[in-house]
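One structure is given here, and the rest of the page talks about it.
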Amino acid sequence: MAQKKEHSRPDDLDLKIREQLDLALGKAESYFVTKSKDIPPFVTEALNERFIGALEMMAKYCEKASGGYSNLITSLSIKAVYGDSVDVRYHQVQIQNQTNRPAGFNFRGVSETVIYEWMEEHEFHGAKSGWQTRTFERPKPYMLSYDENIGTIKEPFLICYDEVETNHQDAKIALAFLLWRRLQLREASKVELAVPRIQDVLQITHLFEAHFFYKYKDSKGASRLPVLALYSIYKILLQELHRYDGKAVKELESHSAADKQTGAVGDIEIVNGDGTVFEAVEVKHDLVVTKPMVDSAKQKIRGKQVDRYYILTTHPQHEPMQDVVDEVENVKKLLGCQMIVNGVIPTIKYYLRLLTNPGAVLPVYAEMLAKDAAIGFEHRDIWNKIATGIISIQ
């Protein structure tokens, strides 16, 4: 039998809920990129301690109690759209005659379609419905006296409903906070990385280029990507070129570690059997190489028998200016080191052409993306989308 019109949710509600979820995620992401684990000020300034504590518990059990978590996300989203005109504790049409603020539709349908689909789109996996168990679908409002056996989350779950309805706490802020915590969990999760099976040098170069220059929210992590790509190429290069016989590529230092602290000559170091540096690569992200940069490199290699030193940049203007060329020649005369200033992309293309099997760098790059501490979920997720064609490359 068809559902009565008054029991159907409004035609534009799905879109409005998605808009609220997008806004909440945007707020969550704007604070998440700081990598801070402290509760954001937008939460502490707007919500009381009781509500924050309950939300923290719901966030903690978002996977183990994914049904209850989805239930709360659904109701907070509806509350974000309707505000005080709807009492979200009355989640079913059959009990909405008990309140003067009825929604006029069942929340379960919203949970199963709008909420579940939106969460999956953003890699927040969980229950397909917040009403998939009997403990949540009883025809009773979610009052503090709700007597069904919800389990571990019962108290925080009911407190959250109580706070938004009795104490008029902000559902939009609560939604953003739950998603902020979810971003942290997603960031810590491991993503299985795609490895394209291609050998074409230009295709591989385009893959790297698309990954480096995607518009990330966390630009700091993005600046590490060219280093990982070049490092991956060196790992294969050392196996094939006689120039590197008896040499090894040194493990990368932490992205946040300064060269002065580590004593590193460059971002990537090729070392001799005795550990001395044979060749080094310094990567500049979106910076034009200047004479002071060359001077800085000169100080790092002074007193060391470095055979070759690269300063590579992702900036479109990678051809060195005359003052840089002159200083590079100076370094060669004074220190006997061949210094090369160039772009990251032209260098990658050149190196790939030296390899018997250019595609061999891709599994190494995927491995580096998986384990490098500076690389976040967003960088790995975008790599998968580029590598599998979900994001097209030009």
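Is there a residue in the range 86-94 that is of a type in the set (Lys, Arg) and at pLDDT 95 or above? Even if it seems obvious, please write down each step before you answer.
First, pick out the residues of the range 86-94 that are of a type in the set (Lys, Arg): 89.
If we keep only those that are at pLDDT 95 or above as well, we get 89.
Scanning the range 86-94 turns up at least one residue that is of a type in the set (Lys, Arg) and at pLDDT 95 or above.
Against the definition (touching a helix residue (DSSP H, G or I) at 6+ places or on another chain (Cβ under 7 Å), farther than 22 Å from residue 238 by Cα and not in a loop (DSSP other than H, G, I, E, B)), how does residue 324 come out, yes or no? Quick ask: steps written out before the conclusion?
Details: touching a helix residue (DSSP H, G or I) at 6+ places or on another chain (Cβ under 7 Å): yes; farther than 22 Å from residue 238 by Cα: yes; not in a loop (DSSP other than H, G, I, E, B): yes.
Yes; evaluated as a whole, the condition is true for this residue.
Residue by residue, here is whether (1) at pLDDT 95 or above; (2) under 30 Å from residue 41 (Cβ atoms); (3) of a type in the set (Phe, Trp, Tyr) holds:
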position: 150; (1), (2), (3): no, no, no
position: 156; (1), (2), (3): yes, yes, no
position: 170; (1), (2), (3): yes, yes, no
position: 177; (1), (2), (3): yes, yes, yes
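Just one of (1) at pLDDT 95 or above; (2) open to solvent by less than 20 Å² (accessible area, probe 1.4 Å); (3) within 30 Å of residue 189 (Cβ to Cβ) trips up residue 339, so point out which. With respect to (1) at pLDDT 95 or above; (2) open to solvent by less than 20 Å² (accessible area, probe 1.4 Å); (3) within 30 Å of residue 189 (Cβ to Cβ), residue 339 is out only on (3).
Contact annotation: residue pairs with Cβ atoms under 6 Å, 6 or more positions apart or on different chains, pairing a residue in the range 290-316 that is of a type in the set (Phe, Trp, Tyr) with a partner that is modelled with pLDDT of 95 or more and open to solvent by 40 Å² or more (accessible area, probe 1.4 Å), are 310/340.
Can you work out which of the residues in the range 211-253 that are outside any helix (DSSP H, G or I) and among the hydroxyl-bearing types (Ser, Thr, Tyr) is most open to solvent (accessible area, probe 1.4 Å)?
Checking each candidate, the answer is 214.
A Cβ distance below 7 Å, combined with a sequence gap of six or more or placement on separate chains, defines the contacts here; from the range 82-101, residues that are at negative phi and open to solvent by 20 Å² or more (accessible area, probe 1.4 Å) reach residues that are hydroxyl-bearing (Ser, Thr, Tyr) and in a helix (DSSP H, G or I) in the pairs 89/161; 101/85.
Of all the criteria given as (1) in contact with a Ser or Thr (Cβ under 7 Å, 6 or more places away or on another chain); (2) closer than 24 Å to residue 388 by Cα; (3) outside any loop (DSSP other than H, G, I, E, B); (4) not aromatic (Phe, Trp, Tyr), the one not satisfied by residue 175 is (2). If you go through the range 163-210 and keep only what is small (Gly, Ala, Ser) and either surrounded by fewer than 19 Cβ atoms within 10 Å (Cβ to Cβ) or in contact with a Pro (Cβ under 6 Å, 6 or more places away or on another chain) (or both), you end up with 188, 189, 194, 210.
Rundown of residues vs (1) modelled with pLDDT under 95; (2) farther than 16 Å from residue 233 by Cα; (3) in a helix (DSSP H, G or I), yes/no style:
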| position | (1), (2), (3) |
| --- | --- |
| 348 | no, no, yes |
| 351 | no, no, yes |
| 356 | no, no, no |
| 365 | no, no, yes |
| 374 | yes, yes, no |
| 379 | yes, yes, yes |
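Scanning the range 11-44 for residues being outside any loop (DSSP other than H, G, I, E, B) and over 22 Å from the mean Cα position of the chain (by Cα) gives a total of 6. Looking only at the range 131-159, residues that are under 21 Å from residue 113 (Cα atoms), open to solvent by 20 Å² or more (accessible area, probe 1.4 Å) and in a helix (DSSP H, G or I) come to 3 in all.
Mind listing just one residue for me: the one in the range 45-64 that is in a helix (DSSP H, G or I) and touching a helix residue (DSSP H, G or I) at 6+ places or on another chain (Cβ under 7 Å) and, of those, surrounded by the most Cβ atoms within 10 Å (Cβ to Cβ)?
First, pick out the residues of the range 45-64 that are in a helix (DSSP H, G or I): 49-60.
With touching a helix residue (DSSP H, G or I) at 6+ places or on another chain (Cβ under 7 Å) added as a condition, the list becomes 50-52, 54-55, 57-59.
Details: 50: 15, 51: 23, 52: 19, 54: 24, 55: 26, 57: 18, 58: 24, 59: 18.
Taking the candidates together, the pick is 55.
Taking residue 71 as the residue in question, decide whether it is of a type outside the set (D, E, K, R), in contact (Cβ under 8 Å) with a residue 12 or more places away in the chain and surrounded by 21 or more Cβ atoms within 10 Å (Cβ to Cβ). If you could, list the steps in order and put the result at the bottom.
On the way: of a type outside the set (D, E, K, R): yes; in contact (Cβ under 8 Å) with a residue 12 or more places away in the chain: yes; surrounded by 21 or more Cβ atoms within 10 Å (Cβ to Cβ): yes.
Answer is yes for this residue.
Residues of the range 36-51 that are within 15 Å of residue 184 (Cβ to Cβ) and touching a residue at least 12 places away in the same chain (Cβ under 8 Å): 37, 39, 40, 43. Checked against (1) over 22 Å from the mean Cα position of the chain (by Cα); (2) hydrophobic (A, V, I, L, M, F, W, C); (3) assigned to a helix (DSSP H, G or I), residue 73 meets all criteria but (1). What about residue 390, is it open to solvent by less than 30 Å² (accessible area, probe 1.4 Å) and out of contact with any Asp or Glu (no Cβ under 8 Å at 6 or more places or on another chain)? Judged against the criteria, residue 390 is not a match. For the range 105-130, the candidate set comprises residues that are aromatic (Phe, Trp, Tyr) and within 12 Å of residue 66 (Cα to Cα); within that set, the residue that is least open to solvent (accessible area, probe 1.4 Å) is 124. Within the range 254-270, if we keep just the residues that are open to solvent by 20 Å² or more (accessible area, probe 1.4 Å) and touching a strand residue (DSSP E or B) at 6+ places or on another chain (Cβ under 9 Å), the residue that is modelled with the lowest pLDDT turns out to be 259.
The values are calculated or read from the model by the stated rules, or taken from the named source; none is laboratory data. Quick caveat: nothing in here was measured; it's all calculated off a predicted structure. Virtual Cβ from ideal backbone geometry, glycine too; neighbours counted across all protein chains shown. When the accessible area is computed, the model is the full protein with side chains, heavy atoms only, and any ligands, DNA or RNA have been set aside. Shrake-Rupley method; radii C 1.70, N 1.55, O 1.52, S 1.80 Å.
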